[in-house]
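Okay, structure first, notes after.
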Amino acid sequence: MTTGRTLFLEVWGYDYPCSQCQRPMTWVFGLRPWYRPAVGELVTCDKPMAVDVARDILEREGRGGLAAQLRPRPVGARGASFNPNTCLACGDQADWHALDDVIIRALHDDFPVLARARVEVARWRELTQERTYVIAF
């Protein structure tokens, strides 16, 4: 249950094969306000807080399978960002570059809104502060 002001966030995904076994999977890649989003309000799911919020929304909206594929940052991962998507078929958790490729493809193609739920505005503001770059979409 939320206690402060809230807004609807969408969780965005893209259907693209696993980079290891090539089996079809839906990659979770972004969060964005549903109602009248401003340019640059897309938050990619490559930071711990964004991954936690995406996982929570997916679970609340009955998408537990997608929530389960979002794993913590792998031990030994380098850089500011990471890919949380883990193939449930082979267990591969590709690096951030694979997620970056998926994001670019998705934003130039059709992609589904996987779930939509209310999140506190304060939490959303924290997410926008956590990100390392802004995508003007």
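Using only Cα atoms, find the angle between the long axis of helix 121-130 and the longest principal axis of the chain, and express it within 0 to 90 degrees, rounded to the nearest 10. For 121-130 against the chain, the angle is about 40 degrees. Using equal-weight Cα scatterers in the Debye expression, the normalised intensity of the range 1-92 in log10 at q = 0.10, 0.12, 0.20 Å⁻¹ is -0.28, -0.40, -1.02. Extension gain, residue 129 to residue 23, is 34.7 nm, computed as 0.36 nm per intervening residue step minus the present C-alpha separation. When all protein chains stay in place and ligands, DNA and RNA are ignored, the 1.4 Å accessible-area order of 100, 56, largest first, is 56, 100. Sorted largest first, the principal axis extents computed over the alpha-carbon atoms of the range 40-137 equal 35, 30, 30 Å.
For the chain, the mean residue ellipticity at 222 nm estimated from helices alone is -8500 deg cm²/dmol, where every DSSP H run of n ≥ 4 contributes -39500 (n - 2.57) and the total is divided by all residues, rounded to the nearest 500.
Each Lys and Arg Cβ is given +1 and each Asp and Glu Cβ -1; about its Cα centre, the chain then shows a dipole of about 340 debye.
The values are calculated or read from the model by the stated rules, or taken from the named source; none is laboratory data. Note that this is a predicted model, so its numbers are computed, not measured. All Cβ positions, glycine included, derive from the backbone under ideal geometry; neighbour counts span all protein chains shown. What goes into the accessible areas is simple: the full protein's heavy atoms, side chains included, and nothing from ligands, DNA or RNA. Shrake-Rupley method; radii C 1.70, N 1.55, O 1.52, S 1.80 Å.
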